[in-house]
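Undergrad: The structure under discussion is supplied below as structure tokens; questions concerning it will follow.
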């Protein structure tokens, strides 16, 4: 985490602390002001609701529902302490009861703060609801995420509140209950710690954790939560057996946890292919042994991504939608394997995507010819529904592929579907086709109703289950990388005799490290690096290295609002700004255990916005890159320096003075292969 990110988190935590102090203060004032108007439990409920409303209002100001998350854990111990003070009810029983729930609150709040990033942090569940309900979200947020949870926790906390108000006795049976509750909180703490460290060190978000506590039950933290709340009811009933019906007080919280579990598991199934097997190997809450089905990665095999694309939007067009359309992509397979899985991504589109079916087949070239087609399933279904800004990974599909074959991927869209989510990719190993009607099972596309094109829709990653000796390298960048050189790198690796490496492209034309455009004019120029890099790179399986060649658009785009209203000069970065952005990429890569290589920026002399100050910024960035332990000197390979200015060498300029020629792209691909893998020959 950078110093700026630490500062942002610190400010967020301080602000949250102030809001909660104010919220609880106003809630307690409401309790005091309502004295004499109703009984104490109704007053306490109104107090709790007052605090919740304050937190809700502030959260909506910052457009996040996650402000309420700590209230789940803090509500009970804070009001227990208040009641102990109000009734002067300090005895062994109340102090121990309060201590257990304070232990629980610290654990849960700490777990929240560990993942908290700042004032605009929002849990994925809230983000998904916001995308789904849009303009009605603030209503859904109030009733579902704030009111319902507050009422549920309040109802489940009644045994503790009554224990304090009634001044009940404390004895052996109550002690046994509190010990069991303490053990439950310990189990929750241990489960949280195991999962946190797994997520922190995992190489891919699609991996499933099934070690230690999580080996025996899918949700050990929730199981312990059930025991905690049921234990609280038991402690009260053991002291006041005539109130046996208080056993049902734990039901509201347990109900919320069960609902949250089903939502979470549906989410995990969408991008964790092995989670389906994990479900068969374990019960949801009960630690009862089951006959284990081996994972595909239980032996000397592994999932490795051999094809990938970034996510963006196409160029603005009045024709945003399509229906009854087949997309067909022939994809080079660098090494063989036994199973295929496909990840489809809707990261950049604000609408649901509905795909009727996906078909894979075998091919021998970049042509549209295919054989042996089979359907791909997603959570057992052929139809695919992808929510806005979400992704979904297919079930592992048994489909044996050999090295140097082509996997043909067909996507059939039956109903009206937004097709703006795509990237434009070209190169000697890159081609696509579209055809009218459902032609996904046809051996070849009808030449009268089909056409080749370079846009790739929806496909984020394609993985193959293969030998662990195989791996991939990610090439990350902008239009330079969305064109030929990654394909030439793949081809040169094979010329070098290296056939265990796949080159995975993650590139979007026009993208910048530090900024992005909010207008449709430049919508195809994609997202800023902060939004792109982790999303695109962390999802790649079997990745060992990443090549970053990014930043030239930050330098050449700003021209001034008098020339272009969307490109103010205030967007012009310093070299220090760009270097900070590149360092942020490297920190993420290190977290993902990837070796980072920087490709330096290419010549821009005579590009239409060329100016000496832009040349200077580029050269300062490249000077920094050349000082890094791992870099690829693309600029020196295809350019030459004269009087402090870099030019393209002869035959290396595509003629626009920014993008290389085919010859230059081949030289770049060859150089990247040699720099990264010359020791493997």
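Every read-out reported here was derived from the displayed coordinates using simple, explicitly stated rules and does not represent laboratory data. Small disclaimer: the values here were computed from a predicted structure and weren't measured. We place every Cβ from the backbone using ideal geometry, glycine too, and count neighbours over all the protein chains shown.
Undergrad: Of the peptides 131-137, 503-509, 269-275, how do they stack up when ordered by the mean number of other Cβ atoms within 10 Å, highest first?
TA: Taking the mean over residues of other Cβ atoms within 10 Å, the ranking is 503-509, 269-275, 131-137.
Undergrad: Using the Kirkwood radius built from alpha carbon pairs, what does the Stokes-Einstein equation give as D for the range 301-462 at 10 °C and 1.306 mPa s, in µm² per second?
TA: Values: Rh = 15.7 Å.
D, rounded to a whole number, is 101 µm²/s.
Undergrad: Label 7 Å along Cα→Cβ of residue 519; the range 537-562 residues with amide nitrogen under 13 Å?
TA: Under cut-off, by backbone N: 558-562.
Undergrad: Okay, moving on. How would you classify the range 456-532 from its alpha-carbon gyration tensor, with a ≥ b ≥ c the square roots of the eigenvalues: rounded for a/c under 1.5, else prolate if a/b is greater than b/c, otherwise oblate?
TA: Prolate shape, in that a/c is at least 1.5 and a/b is the bigger ratio.
Undergrad: Hey, with R₀ at 60 Å, roughly what FRET efficiency would residue 365 and residue 14 work out to, going by the Cβ-Cβ distance, to 0.05?
TA: Details: r = 61 Å, r/R0 = 1.01.
Efficiency computed from Cβ-Cβ geometry: 0.50.
Undergrad: In what sequence, highest mean first, do 603-616, 458-471, 433-446 appear when ranked by Cβ atoms within 10 angstrom? Could you put the intermediate results ahead of the total?
TA: Numbers: 603-616: 15.4, 458-471: 22.2, 433-446: 18.4.
Descending mean neighbour count gives 458-471, 433-446, 603-616.
Undergrad: Shifting gears a bit: Using every Cα-Cα pair within the range 3-281, state what percent have a distance larger than 23 Å. Kindly include the intermediate steps, with their values, before the conclusion.
TA: On the way: 22251 of 38781 pairs.
Above the 23 Å cut-off, the range 3-281 has 57 percent of its Cα pairs.
Undergrad: Report the extension gain between residue 166 and residue 180 in nm, rounded to one decimal, defined as 0.36 nm multiplied by the number of residues separating them, less their alpha carbon distance. Numbers along the way, then the final one.
TA: Values: separation 14, 0.36 × 14 = 5.04 nm, distance 2.28 nm.
Result for the pair: 2.8 nm of gain on full extension.
Undergrad: Here's a follow-up. Stretch residue 595-residue 657 to full length: gain in nm at 0.36 nm per residue minus the Cα-Cα span?
TA: Once the chain is fully extended between residue 595 and residue 657, it gains 19.2 nm.
Undergrad: If I model a spin label at residue 124 and residue 404 as a point 7 Å from the Cα along the Cα→Cβ vector, what separation in nanometres do I get?
TA: Those two pseudo-labels are separated by 4.0 nm.
Undergrad: Per q in 0.15, 0.17, 0.19 1/Å, what log10 I(q)/I(0) does a Debye calculation on the alpha-carbon atoms of the range 154-291 return?
TA: Taking Cα atoms of the range 154-291 as identical point scatterers yields -0.80, -0.94, -1.07.
Undergrad: Length gain on complete extension for the stretch residue 244 to residue 352, per 0.36 nm per residue less the alpha carbon to alpha carbon distance? Walk me through the numbers on the way to the answer.
TA: On the way: separation 108, 0.36 × 108 = 38.88 nm, distance 4.85 nm.
Full extension of this stretch gives 34.0 nm more.
Undergrad: So how do 229, 485 line up by other beta-carbon neighbours within 10 Å, fewest first? Could the numbers behind the result be given before it?
TA: Working: 229 24, 485 33.
Ordered from fewest to most neighbouring Cβ atoms within 10 Å, 229, 485 come out as 229, 485.
Undergrad: Over the residues of the range 470-681, compute the C-alpha Rg and express it relative to 2.2 N^0.38 Å.
TA: Working: Rg = 16.6 Å, N = 212, 2.2 N^0.38 = 16.8 Å.
In units of the globular-protein estimate, the range 470-681 measures up at 0.98.
Undergrad: Right, another one. Per the helix-only calculation at 222 nm, which mean residue ellipticity applies to the chain, given -39500 (n - 2.57) for every DSSP H run of n ≥ 4 and division by its residues, nearest 500 deg cm²/dmol?
TA: -13500 deg cm²/dmol
Undergrad: If R0 is 25 Å, what FRET efficiency do you get for residue 198 and residue 381 from their C-beta distance, rounded to 0.05?
TA: Numbers: r = 29 Å, r/R0 = 1.15.
Taking R0 as 25 Å, the efficiency between residue 198 and residue 381 is 0.30.
Undergrad: Can you tell me how the range 1-73 classifies by the Cα gyration tensor, rounded, prolate or oblate, using a/c under 1.5 as the rounded cut? Intermediate values should be presented prior to the final figure.
TA: Numbers: a/c = 3.46, a/b = 2.86, b/c = 1.21.
Cα axes put the range 1-73 in the prolate bin.
Undergrad: Okay, next question. Given 25 °C and 0.890 mPa s, how large is the Stokes-Einstein diffusion coefficient of the chain in µm²/s, with Rh as the Kirkwood radius over Cα pairs?
TA: Numbers: Rh = 28.0 Å.
Answer from the Stokes-Einstein relation: 88 µm²/s.
Undergrad: Cα extents of the range 155-223 along the three principal axes, largest first, in whole Å?
TA: 53, 24, 17
Undergrad: Would you work out if the range 405-465 is rounded, prolate or oblate? Take a ≥ b ≥ c from the square roots of the eigenvalues of the alpha-carbon gyration tensor; rounded if a/c is under 1.5, else prolate when a/b is larger than b/c, oblate otherwise.
TA: Since a/c stays below 1.5, the shape of the range 405-465 is classed as rounded.
Undergrad: Taking the Cβ-Cβ separation of residue 262 and residue 576 as r and a Förster radius of 60 Å, what is the calculated FRET efficiency to the nearest 0.05? Working shown, then result.
TA: Details: r = 48 Å, r/R0 = 0.80.
The value I calculate is 0.80.
Undergrad: Okay, next question. Take each of the peptides 206-218, 336-348, 46-58, average the number of other beta-carbon atoms within 10 Å over its residues, and list them starting from the highest. Provide the component values of the computation, followed by the final result.
TA: Working: 206-218: 18.0, 336-348: 21.9, 46-58: 20.2.
Averaged packing, sorted descending, gives the order 336-348, 46-58, 206-218.
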